[in-house]
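Trainee: What follows is a single structure, and I will ask about it in a moment.
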Amino acid sequence: MKNYKNILNFSQRRLTMKTLLLFLFLVICAQTITAQTKPGIRIPKETPEQQMDKKQGVFKPNTSFEKDKRYLSEDKRYALIFQSDGNLVVYKIAGMKAIWNSHTNGRAVKSCVFQGDGNLVMYDYANKAVWDARTDASRRAEAKKSWMERIFPRDTFTPVAVGNWMTMQSDGNLVIYSGAYPNPYSVIWASNSFEKNN
C-alpha cells in the first residue's frame, strides 16, 4: 500500500509540474505580446490634409495661388511665386535668383491652380489653359496605354487621381507627387530646378 501512495504522490507532482510549466509558458507569452504592443495602436491626430495645411511648402489638390505671394519651401530658402506678369517662377531667396519659370510672362494669365486631378494649370481670362504640367490623371493613363489600346479602346473609364500633392522642396525643386501624403508613390512632374550645391 505504501508503494501505491508514493506512485500517486509522484503522479500528482508530475501533473502539478506540467500545469506549472504550462502556466509559466503562458505568462511569458502574454508578457512578450504585451511588451511588443505596449505603445498600442496609434491613431493619427491629424489627417494628411490637416498635416499638409500646416506644412510650409506643401500644397494639396485644389490649391489656388495668389498673384505675387511667396510660397516658401520648408527651410525658407526657395519660393514659388505666381507673378502678376503671368509667369510662375521658382526663386532662390538669396539674391532673388530665378531658377525655373513657366515662360508665360507677358500673357494674360488670370489664375494658377494645382487641381484635384493632379495637374498644375495656369488659365487666361477666358478660362483656357495657358500652361500646364500635363499631369492630370487621364493624360497619365493615356501615356501608359499600349498602341493597341489606343487604336482599340477597351472602355471609356477615366481614372481619378488619388493622393496627389505638390511641394516646393528645400533643394529648389517644385515637385508633384502621386501617393498619399507624406509617403509619395512616385514623382509625376518636377521643375528640375534643384540645386546640387544649395
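Taken together, the values in this text are just the output of simple stated rules run on the coordinates, not laboratory data. This is a predicted model, so every value here is computed, not measured. Note that we place each Cβ from the backbone using ideal geometry, even for glycine, and neighbour counts take in every protein chain shown.
Trainee: Of Lys55/Lys92; Lys76/Lys110; Lys69/Lys97; Lys55/Lys128, which ones are farther than 21 Å apart at the Cα?
Mentor: Lys76/Lys110; Lys55/Lys128
Trainee: If each residue of separation counts as 0.36 nm, what is the full-extension length gain between Asn62 and Lys18 once their alpha-carbon separation is subtracted?
Mentor: Length difference between fully extended and current span is 9.2 nm.
Trainee: What full-extension length gain, to one decimal in nm, is calculated for Ser84 and Leu26 as 0.36 nm per residue of separation minus the Cα-Cα distance?
Mentor: 13.8 nm
Trainee: Using a simple spin-label model with points 7 Å from Cα along the Cα→Cβ vector, what separation in nm is obtained for Glu195 and Tyr125?
Mentor: My value for the distance between the label points is 3.7 nm.
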